[in-house]
Structures are given as C-alpha cells and as structure tokens.
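The values are calculated or read from the model by the stated rules, or taken from the named source; none is laboratory data. Source: prediction; values computed, not measured. Positions of Cβ are backbone-derived with ideal geometry, glycine not excepted, and every protein chain shown enters the neighbour counts.
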Amino acid sequence: MLQPGLDSQPDSCVPCPAGTFNDQPGHRQQDCKRCMVFDEENPYYTLGEECTRFHDTRVRCVKGFYFDRAEEDCFLCTDCRNEGMFTAQPCSRDQNTKCCSHPGMVAVGGACHFPQKKGHLIDGS
C-alpha cells in the first residue's frame, strides 16, 4: 500500500498486512482491503486461490454450476433437455448453458444460428 511521506519525504510502498490485499495497478491505494473468508460449508464453491497481498481470495463454482458476475454467486447450469431445447454451447465456469430450439444450432453473440454455409450464418429464430 502507498504510505504518504511525512515532512516533505517521498511516498513509500509498504506491504499489506496478513489477511489484507491491494489489487490496484501499481499498488497506489493508501489502504488495504480485508480478504474474503472462504466458506468451506458452502457446497457450491471450491477454493481457487488463497488471498495474497496482491489479490482477494478466489473461489470457483463446483462442477455443474457457473459464476454469474452480476449476481456474484454460483447458479446451477441449465439442462436444455428440461426446457425442450438443444445445447448449442455447454455451461462453463462463468457462463450458463446456451439452449437453442433446433439440434445442430450454434450460439454466436448470444443468438442461435445454424452453422455457416458459404461464409454466412443462417438465422434460426
């Protein structure tokens, strides 16, 4: 963290204390943030990385779940078959399954299309 200089002395950089971190570029922040405590009792998370002086604790969702950045939580991946749809893009660590109405469709930019024919996507809406 950045510690302001006293009596015309230059600013100096000192490490964040244990249990805190500073993730700002160049560590120009004057205070350190408290590390998130990993909840081992939560069945939807696994520990990705412990907190360091440079970043907060990183958690991952367990298999079959994805992390929604807006909600900052893990959610169950959609099973397209339960929706009467077909999987165009499988669930990943940070994105839910993309379901489309017809088999063989692909997801491009969040929309369903049939694969390319002579360089063009065919809209399947």
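Does residue 36 satisfy the condition of being among the aliphatic types (A, V, I, L, M) and modelled with pLDDT of 95 or more? The answer is no for residue 36. The residue of the range 73-120 that is surrounded by the fewest Cβ atoms within 10 Å (Cβ to Cβ), among those that are in contact with a Lys or Arg (Cβ under 6 Å, 6 or more places away or on another chain) and not polar (S, T, N, Q), is 107. Of all the listed residues (69, 28), the sole one being in contact with a strand residue (DSSP E or B) (Cβ under 6 Å, 6 or more places away or on another chain) and either surrounded by 11 or more Cβ atoms within 10 Å (Cβ to Cβ) or at pLDDT below 95 (or both) is 28.
Look at (1) in a loop (DSSP other than H, G, I, E, B); (2) at pLDDT below 95 and you find that residue 78 fails only one, number (2).
Within the range 44-55, how many residues turn out to be within 13 Å of the chain's Cα centre (by Cα) and either under 27 Å from residue 106 (Cβ atoms) or buried (at least 16 other Cβ atoms within 10 Å of the Cβ) (or both)? Number of matching residues: 1.
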